Amino acid sequence: MTLKFFEENVDNWGALEWFNRMARAVREADKAILEGRFLEAETARMVASSSATHLVREFEHEIREALTNEKI
């Protein structure tokens, strides 16, 4: 069941899903550190790192293009 979920969902994620996963994990890590839950903080950091890896490997060109073209 778990592998099927990943095949049908996670494997098809785009940059937005990976970014949201990374951002959520960073916030969870920060909160866990403040609350002294260091094992949970480390787990959240690993999730953030995994998500960042996917963003760079799979979407680097699109992200760089979007950031370059963004008007502030």
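Just so you know, all these numbers are worked out from the coordinates, no wet-lab data involved. In this text, all values refer to a predicted model and were calculated from it rather than measured experimentally. All Cβ positions, even for glycine, are placed from backbone atoms using ideal geometry, and neighbour counts span all protein chains on display.
Would you mind computing, in nm to one decimal, how far apart the modelled labels at Ile63 and Asn20 are, each placed 7 Å from Cα along Cα→Cβ?
1.7
What is the gain in length, in nm to one decimal, between Asn9 and Lys31 on full extension, counting 0.36 nm per residue of separation less the C-alpha to C-alpha distance?
Values: separation 22, 0.36 × 22 = 7.92 nm, distance 2.73 nm.
That works out to 5.2 nm of additional length.
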